[in-house]
1. Out of all the residues in region 27-47, is one or more under 18 Å from Asn117 (Cα atoms) and surrounded by fewer than 17 Cβ atoms within 10 Å (Cβ to Cβ)?
2. With touching a strand residue (DSSP E or B) at 6+ places or on another chain (Cβ under 9 Å) and open to solvent by 50 Å² or more (accessible area, probe 1.4 Å) as the only criterion, which of Leu205, Leu187 stands out?
3. Only one of (1) in contact with a strand residue (DSSP E or B) (Cβ under 7 Å, 6 or more places away or on another chain); (2) under 28 Å from Pro132 (Cβ atoms) is not met by His38, so which one is it?
4. Restricting to helices (runs of 4 or more DSSP H) lying wholly in region 123-191: which have 2 or more residues that are farther than 21 Å from Val100 by Cα and out of contact with any His (no Cβ under 7 Å at 6 or more places or on another chain)?
5. Being among the hydroxyl-bearing types (Ser, Thr, Tyr) and in a loop (DSSP other than H, G, I, E, B) is the filter; apply it to region 62-120 and report the residue that is nearest to Cys146 (Cα to Cα).
6. Considering each residue of region 20-47, count those that are assigned to a loop (DSSP other than H, G, I, E, B) and more than 12 Å from the ligand (Cβ to nearest atom), and give that number.
7. What is the number of the single condition among (1) out of contact with any Pro (no Cβ under 8 Å at 6 or more places or on another chain); (2) over 24 Å from Gly34 (Cα atoms); (3) not aromatic (Phe, Trp, Tyr) that Leu112 does not meet?
8. Looking only at region 48-57, which residues are open to solvent by 50 Å² or more (accessible area, probe 1.4 Å) and within 16 Å of the ligand (Cβ to nearest atom)?
Amino acid sequence: MNIARLNSDPEIFYSLQGEGARTGSPAVFLRLAGCNLHCCWCDTRYSWLPGCSLPVEEVARRLLAYDCPALVITGGEPLLQAAELEELLALLPRHFYIEVETNGTIAPTPALVQRVNQWNVSPKLAHAGNAPEASLRPDVLAAFVCSGRAWFKFVVRGEEDWPAIRALGLPRPCIILMPCASTRDELTAARPAVAEMCLRHRVRLGDRLHLVLWDNKKGV
Ligand code: SF4
């Protein structure tokens, strides 16, 4: 399993979920290496680089050592390693609550749909700078809707982003809008306009708790 490398160590750490429907929940984080997109505002570009290769048994051992029954698998794009993820999740107790952060371009395998408790799907809009056919895959998003366990979390810059979100036809109660920000100050400045968007379109506002608490520090 290829894990992102932060300060030369595999990026596995204990923290609070900073985004999405379980914001504030304690969890162990596992960041996998490699991404099939290259968003211009990506705040984890180091995850694009070759990571550390660890056997899934060793990854499971390190995760279990935290004695925390919640795991957030992030990246990069974790579904690039779907086969390894299946193996890893089979080694974890059934009561573990598993969240996967994904960019929504790769459909989950049936085994992962069975096991993952929550998909945090973050489709990338035009301002991320990827080719639209690569970053917005309605067929893949439909597969996540069918799982019944997906939230759709959009990084937005302003009202101009709403038509592209609406055009995807996703269930409105599962949509979260999140300000485009990579520092606490940027978040503070961007939040009010996104809150207004959420009120206007009847969708949920997503904050970025890790920026509020720790600004742009990595590995927390
Ligand atoms: S999908 Fe996520 S990890 Fe990949 S480039 Fe975009 S922001 Fe970065």
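1. No - not one qualifying residue is present in region 27-47.
2. Values: Leu187 fails: open to solvent by 50 Å² or more (accessible area, probe 1.4 Å).
Answer to the check: Leu205.
3. (1)
4. Working: elements: 132-135, 138-147, 162-167.
Where helices (runs of 4 or more DSSP H) fall fully within region 123-191 and carry at least 2 residues being farther than 21 Å from Val100 by Cα and out of contact with any His (no Cβ under 7 Å at 6 or more places or on another chain), they are 132-135, 162-167.
5. Taking the candidates together, the pick is Thr109.
6. Restricting attention to region 20-47, the residues satisfying the condition of being assigned to a loop (DSSP other than H, G, I, E, B) are 20-25, 33-44.
Filter once more, so that each one left must be more than 12 Å from the ligand (Cβ to nearest atom): 20-25.
Count: 6.
7. It fails just one condition, (2).
8. Taking region 48-57 and keeping what is open to solvent by 50 Å² or more (accessible area, probe 1.4 Å), we get 48-50, 53, 55, 57.
Within region 48-57, Trp48, Leu49, Pro50 qualify.
The values are calculated or read from the model by the stated rules, or taken from the named source; none is laboratory data. Computed from a predicted structure; not experimentally measured. Here the Cβ is made from the backbone with ideal geometry for all residues, glycine too, and neighbour counts use every protein chain on show. Heads up: the accessible areas ignore ligands, DNA and RNA and are worked out on the full protein's heavy atoms, side chains in. Shrake-Rupley method; radii C 1.70, N 1.55, O 1.52, S 1.80 Å.
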